[in-house]
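For reference, the structure is listed below as structure tokens.
The values are calculated or read from the model by the stated rules, or taken from the named source; none is laboratory data. These figures come from a predicted structure and were not determined experimentally. Methodologically, a virtual Cβ is constructed for each residue, glycine included, from the backbone with ideal geometry; neighbour enumeration extends over all protein chains shown. Quick note on the areas: whole protein, heavy atoms, side chains included, nothing else; ligands and nucleic acids left out. Shrake-Rupley method; radii C 1.70, N 1.55, O 1.52, S 1.80 Å.
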Amino acid sequence: MDTSSSSPAALAPAGSVRPGSAFPGRLSAVTAPRLCECHDCGEMQVLPAMPPGARAVCERCDAVLRHTRRNPLSLPLALNISALILFLLGATLTLIAVSTAGQERIAGLVSGPSEMEQYGLWEISLVVLITTVAAPLARVLCMLAVLGGLHLKRPPAELREIYAWVEHLRPWSMVEIYLLGLLVAYVRLSGMTTVNLGPAIYALAGLMVIMVLADYMLDGQAVWEAMEPPNRRRRRVLDVNPMTSDRPGRNVLRWRIGCDTCGLVSRAAPGMRCTRCGFRLRIRKPNSMPRTWAFAIAAMMLYIPANIYPVLTVVRLGAGQPSTILGGVQELAELGMWPLAALVFFASVAVPVLKLIGLILLLVPTHLGSNWAMRDRTVLYRVVDAIGRWSMIDIFMESILVGVVQFGKLASVYPGPGAIAFAAVVILTMLAAHSFDPRLMWDRARETAEAAPTPMQPIGPGRAETA
């Protein structure tokens with residue numbers, strides 16, 4: 001059963017065709033036409049043959065379906081090797097040094113989480129370690145394993161499962177946000193003590209640039225095509241065998257289903273496994289709306305204590321008072337750092353509110369099946385999904401201050417309970433955006449339009465008839 005239509009996607013060429021391929025036999029200079037499902041609106045479209053450096057966009061919602069590259073595997077491999085080296089330097093060298101009254105403290109990448117754990121805020125310690133150490137390192141190692149394994153004559157089948165983790169780790173890798181938090185901490189410390197930046201900050205800055213460049217130069221579909229099993233098409237004949245958990249009965253209705261993991265469109269039944277990556281096929285994300293509502297409501301409830309309770313306490317010469325998020329913004333403004341004050345206010349105060357409002361604007365019309373501003377709501381979803389992680393600036397700034405400013409009554413920084421609530425708000429809004437399936441907006445709008453009664457045509461003038 002085919003419930004979707006196929007139409008050619010808009011193709012915006014960004015370069016010319018160059019013959020040759022980095023992996024003869026696996027990748028070609030011009031891609032083959034493929035059927036794909038838009039990940040934002042669910043429209044089935046045929047991607048035409050694309051030369052290197054071309055971009056295909058969805059004709060219905062303008063989402064980027066694929067962006068081909070001239071060297072989609074070797075160049076990202078070299079960049080990820082550089083990223084690993086820079087990460088090891090950034091994790092082992094000195095990040096920041098602070099001195100006052102003859103005392104000096106040196107902090108590294110893990111100093112802040114270590115101090116947070118000693119104050120009993122192990123939740124914040126765990127979040128900072130995952131987002132600044134574990135997730136970036138795991139992501140780089142996964143990419144190295146996949147891109148390096150594709151150079152082998154027989155790439156291991158496990159590479160497909162490893163590569164699937166890269167997309168899951170992407171939003172939780174926050175090196176660039178950590179650097180902004182470090183900049184804010186540096187400005188606040190410059191008014192208290194003598195501050196010197198260590199060599200680790202340059203390594204982390206290089207790591208941020210290299211990771212952004214590696215993501216930009218990577219063609220995800222080229223990686224999946226290189227890992228495609230040689231017998232993928234032959235596996236379809238196995239469906240004549242008795243019904244199993246992976247292969248429903250022969251008479252089960254089948255749809256064109258786009259795999260959420262690798263993007264391959266298969267004619268299959270929900271619950272079957274993708275013939276390319278091996279993950280389960282789903283028409284839409286399961287329980288998308290209830291889970292998104294649950295995460296959004298929990299974030300709304302925690303947003304109030306996150307702004308009422310103090311996030312840190314700064315002690316100078318034995319005197320100090322707790323400071324909330326807005327108090328930190330006010331302090332930066334009093335120091336004359338208006339750009340940084342505006343940045344912290346936008347990231348830590350405005351973004352969570354705007355993201356919660358955006359989630360409501362996505363959820364309520366979807367529940368009602370409204371076709372109001374479908375393209376604009378799809379763009380809103382992309383914005384909500386992208387900006388939520390930047391609210392972690394305040395958490396990273398606090399982690400750095402607590403890790404480096406510990407001089408007793410001379411100058412010390414202590415964490416507050418508001419930081420736990422605020423970190424929970426950021427994580428919950430990220431989970432809410434990830435749980436929401438934007439294709440449901442288009443599905444519900446189409447279902448409402450199909451269920452609406454057809455308006456009756458006006459009856460024109462007739463003529464009288466006799467029996």
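The table below lists the values:
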quantity: Percent carbon-and-sulfur accessible area, the range 24-88, ignoring ligands, DNA and RNA, probe 1.4 Å; calculated: 63
quantity: Carbon/sulfur fraction of accessible area - the range 372-457, other protein chains in place, 1.4 Å, %; calculated: 65
quantity: Computed label-point distance, nm, for sites residue 297 and residue 183 using a 7 Å Cα→Cβ extension; calculated: 3.9
quantity: Computed lengthening from residue 35 to residue 78, 0.36 nm per intervening residue step minus Cα-Cα distance; calculated: 12.4 nm
quantity: Ellipsoid equivalent to the range 86-196 - semi-axes via the Cα gyration tensor, in Å; calculated: 36, 15, 11
quantity: Cβ-derived FRET efficiency at R0 45 Å, residue 161 paired with residue 196, nearest 0.05; calculated: 0.50
quantity: 17 Å cut-off, amide nitrogen to a point 7 angstrom out along residue 205 Cα→Cβ, residues in the range 369-406; calculated: none
quantity: Solvent-accessible surface (1.4 angstrom probe) belonging to residue 282, in square angstrom, nearest 10; calculated: 90
quantity: Exposure rank, largest accessible area first [219, 376, 260; 1.4 Å]; calculated: 376, 260, 219
quantity: Tensor-based shape of the range 31-148 (alpha-carbon gyration tensor, a/c under 1.5 rounded, otherwise prolate or oblate); calculated: prolate
quantity: Cβ-Cβ FRET estimate between residue 346 and residue 153, R0 fixed at 41 Å, reported to 0.05; calculated: 0.20
quantity: Solvent exposure, largest accessible area first (probe 1.4 Å, DNA, RNA and ligands not counted), of 153, 355; calculated: 153, 355
quantity: Residue 360 paired with residue 170, simple spin-label distance in nm, labels 7 Å along Cα-to-beta-carbon; calculated: 3.0
quantity: Cα centroid separation, the range 97-174 to the range 258-334 (Å); calculated: 18
quantity: Packing-based order for 364-375, 203-214, using average beta carbon neighbours within 10 Å, highest first; calculated: 203-214, 364-375
quantity: Under-5 Å amide H pairs with residue 34, H placed in peptide plane, nonlocal only; calculated: 47
quantity: Theoretical gain in end-to-end length, residue 304 to residue 62 [0.36 nm per residue, Cα-Cα removed]; calculated: 83.5 nm
